[in-house]
Every structure is written in C-alpha cells, then in structure tokens.
1. Summing Lys, Arg as +1 and Asp, Glu as -1, what charge do residues with Cβ under 13 Å from the Cβ of PHE380 carry, PHE380 excluded?
2. Need the C-alpha centroid separation for region 64-103 versus region 167-232, integer Å.
3. Residues of region 39-57 with amide nitrogen under 18 Å from the 7 Å Cα-to-Cβ point of GLU495?
4. Rounded, prolate or oblate for region 270-341? Axes are the square roots of the Cα gyration tensor eigenvalues, ordered a ≥ b ≥ c, and the cut-off for rounded is a/c under 1.5.
5. Could you work out how far apart the two model spin labels at ASP456 and LEU385 are, taking each label as a point 7 Å from the Cα in the direction of the beta carbon, and quote it in nm?
6. Compute the Cα gyration tensor for region 375-454, then decide on rounded, prolate or oblate, letting a ≥ b ≥ c be the square roots of its eigenvalues: rounded whenever a/c is under 1.5, prolate when a/b is larger than b/c in the other cases, and oblate in all that remain.
7. Return one whole number: the accessible area per residue of region 13-108 in Å², for a 1.4 Å probe.
8. Within the chain, which is the longest segment containing none of the chymotrypsin sites (Phe, Trp or Tyr not before Pro) that sit in a DSSP loop and have at most 13 other Cβ atoms within 10 Å?
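The values are calculated or read from the model by the stated rules, or taken from the named source; none is laboratory data. Just so you know, these numbers come straight off a predicted model, no measurement behind them. Note: ideal-geometry Cβ built from the backbone for every residue, glycine included; neighbour counts use all protein chains shown. Accessible surface is based on the protein model in full, side chains and every heavy atom, while ligands, DNA and RNA are left aside. Shrake-Rupley method; radii C 1.70, N 1.55, O 1.52, S 1.80 Å.
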Amino acid sequence: GHPKALFYLFFAEMWERFSFYGMRALLTLYLIKDYYSSLENNEDIAYGIYAAYGALVYLTPLIGGYLADKFMGYRKSIIYGGVLMALGHFFMAFPTDFFFYGALGLLIMGNGFFKPNISTLVGSLYEEGDVKRDGGFTIFYMGINLGAMIAPLFCGYLGETYGWHWGFGAAGLGMLAGLLVFWQGIKADVLGDKGLQPKEYKTKKALGLSISNLIYTLGFIAVPVFAYLIILDTQSAMLGNVLTIVGAAVLLYVSYIIYDYKAIQKDHKSGDRLIAIMILAVFCTIFWACFEQAGSSITVWVDKCVNLVGMNASQTNAINPFYIVLLAIPFSWIWTKLGALNKNPNTPMKFALGIFQLGVGFLIFASTAHFIDENGKVPFLFVFLGYFLITTGELFLSPIGLSKVTELAPKKIAAFIMGVWFLSSTFAHHISGQIAKLTTKEFYSETNIITIKDGDSQDSYLFDMDFNYNNDIKGIKKITEFDTEIMKYSVVKEEKLSEDDKKAYNIEKEYVNKLIIHQLLNKSSEDFWFDINSDGLPVFTLKSEKTINN
C-alpha cells in the first residue's frame, strides 16, 4: 500500500549508504594502521579526523536542504550530491594528502546535497496524518541499513585483505549505482511533480550563470574549505568554535522563525511543532554522541580486545545494520498495527525507550572487563549482544525522528528543518570524538625507564607500558636530563632535529623497543633493578641484553 516511488528511493539510498558506510568502516583503522601508523598519537588523530568528518558531513545538510527548498529542488540536489560523493570515494583510492583530504571535502559537500533531500522527498510521498508514514520511513530506513550492512562486509574484506584503497574504490562504485537507480526512477516518472525545481528559479540567472550552475560552482569551491577545516581540527580547536557559532546562529534563526509563526502569522500550531522538533533534536544529539562510537572507539576496541571469529574488525560494523534489516519490517508492522488500534506510543516515549536501550547496550560492552581470557580477549558474543540493544534503541528513535520532522515541519521550509535535524548529528559527532579520545587514556600512569649500559657509557629512556598495532612499545623518548628540584625529566625534542638526526633517532628507538620487549618477555627478578625515587615513585630499570649476557 506504499507509493511506488518509495522503492526507487529505497534502492537509491541503499547504494548511497553502501558507499558511506563502506568508507566509514575502513576510515579509522586505515588512519591508525596505515596513513598515520608512524605517529605515536595516531589513535587520537584518527578519532579526531573521524569526528570532524562526521560533524561536517551532518552540518552541510543544513546548506543543501535550504538551497534545495528555495532554489534547486530535491531532484537536482540529490543528483549533484551523488556525483560529488562518487568523486570523493574515488579520491580515497590515492594515498596522498591532497587526495585524502580532498576526498573528505567532496564527501562532506556531497552528503549535504544528497542526505536531507532524499529523506524529505520520501516524506512528500505521504499526506499529513497518513498512518502509513511511520511504516514507510521504517521501510526506507531498512534500505539505508541494507546498504550499511553489505558495505562493511564487502569493503571491509577488500580493504583489509587486498589493500585499503580497493575498499574505498568499491564504495565509489556503490555511489554510482545509487545515482543510476535514482535516475531510473525519474525516467519512470514515479515521482510525479515531487522534488522539481521551483518555477521562478528555472530561468533566473546570477553572475551570468543559471541558479543551478552557480550553486554547482560554489559547491565545488567549498570543497577545499571543508577539507582545510579537518586539517585545522588536528592542530587546534577551531572546528569546535566554528560549530558553536553555527549552532548559535541556527538556534537564533529557528527562534526567529518560531516567533514569526506564533506572534506575526498567528500560526501557533506550526510554531509549537517547530519547538517540538528542536526538543527532540536535543535528545537525538545525546543518542548519536554515544552511538557513533561504533565507527571509531568500538571498532578499535573490537580489533584489539575481542576474540573475532569469521570477521575482521571493520566487518563488525555490519552487525548493527544487519539487526535493523532483520527487525525493520516487524517494527514497521508493529507501529502501523498499534496506530490502527490507537495504541501507538507517543514520540517522546519512543525516544525515552530508545535512549534507555542504548545505555544498556553500552553497559554490556563495559561488563566485558570481567570476562577477559588468558590471551587478553573477550568473547565475540558480547559484541552481538551490545549491538542488539543499541539497534533496538535506534529503531525506537531514528526512523521515528525522521518521520516526525517531515510531518511537523512547515512544507515550505521542510528540507531546511531536515538540515537542522541533521545538525544534531553534527554536534553528536564532535562530542563523540571527545569521548573516543578518552578511551586512549590510561586509568593510571606509571614511570617506566630503561637504562642501557654499554661499557662506560649509559643512556636512559622513558616508555609507556602500552603497545601500538605493530606490537611495538609506545612513547619511547630518550632522557637528556633530570631536574631534581621539580622532579621532571627532559627528553629529546624530535621536532627540533634535522631530517638525518630524526632518522638516526628513530633507528635508535627501534633498537630500544626490541630490547624492552625482549626484557618484558624474559623478565625475572634478576633482569631489572627496582628502586624508589625521591618522589616516592617506583622505578623499574631494566638491564640490557649485553649486561645479562655478561
């Protein structure tokens, strides 16, 4: 009983999400294991880039939604956004800074034109009050997650087996498939008069260009701006400041719109509906800030700490969408049935239950600390259990939120308000990055020192009792002096070394790394000196291999 156009949009969005989630499954691990593998703080950098990318990906729908509402129409916006995203995925196949950050810029801008407008187009298929609306959005949501389920399995396998760039290339092909399906829907005329460019802007020109061509040009110009924002975020807090300013400006603008409806137009119903959307958006931010650990810290935790069977870490990103594909139709049926019986829980109740289930899912992940085996791994079962509850929570909240925005938003600003809705995910991703970075911090710190003697000479090094992805000791630094008054070590400043000295220093640290690992694997009471320094801290000074042999 749903409109035929729903299923064209279903498959178009499925392939677009295939591309998005294929890249998402690989990005954090690619940055840690490959692109920034030589940096000691690569996890912090990877989480920061992932969070900045995610934040900006959900900021641009605000722009794309506004431009589609007023100037372009939904159809042109969706096609333009798809082309930009396909280019972005293919850029990821080339391992240079220009292509890597350019790819992120293209994906950010493309998503802004694609994401809010295809969701709004789905909403336009249903009349206000249609009991099929929530069910239709849940089916559409299943399309999103069908693509999100297939992508990590396929792109994750290609990326970790044959090379990261094969996985990124496959994501690009998925985006092209999504564009093709959408174009076929237009040719089949299933959309009727939905999503066309506003008549008054079809022939208008500005700066010698048609309105559409001007927007296309400005979109390409904006790509390096977003790429540069991500680069800056790895060096400063600029992105956080930009998001704060944007958030404040949007809040003021939406407040003005609400005031206009209630005080000037005397349309209290529309004003109250916009207030409801803003309140729901706050709770949506809380949900996604936790949920988006899936693409960053949870994936890394799975890679390091879970006893995986039949899957690699990036492929576990398919578990959540698998549950959605499994449960979407039953949930759609339940909401439709309860609606017909007039017993459907209201939206605030659904949101509350969704956030509760999310919290329980993360408590299951946290409980795994009590089930670590002798190899330092936890059973794979806990990943499935935690994701199950996170997913049921998502089904209570996300498709319902999309449905309510398209139902409650005034029609002439529907895509802009959808962009405001996605802005909640922008702040959620930014917060998510700060949460993920906390997982790289130790609960306690300890001073680890190795002193290496060679004849009459001796050198000492600080190191962290932690390992990177190559199973090398992290944080090795050569001590240059120790200030007894302030109880502080001074170490070699790598950034001040010449290129030749850096290479020599890195070779020196590699030898120290091998020696520390040798000692840790073969330690006994005779292999190290133990002392308490003047600050009362225990210091373990490991003897060198040469000393032991002598």
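1. Working: positive: LYS377; negative: ASP303, ASP373.
So the environment of PHE380 carries a net charge of -1.
2. Spelled out, the Cα-based centre of one part sits 7 Å from the other.
3. The answer is 39-46.
4. On the way: a/c = 4.89, a/b = 1.59, b/c = 3.07.
It is oblate, given that a/c is not under 1.5 and a/b is not larger than b/c.
5. 6.4 nm
6. Details: a/c = 5.88, a/b = 2.17, b/c = 2.72.
Judged from the Cα gyration tensor, region 375-454 comes out oblate (a/c at least 1.5, b/c at or above a/b).
7. Details: 2510 Å² over 96 residues.
Result: 26 Å² of accessible area for each residue.
8. Details: sites that count: TYR162, PHE371, PHE443, TYR444.
With a cap of 13 other Cβ atoms within 10 Å, the longest stretch comes to 163-370.
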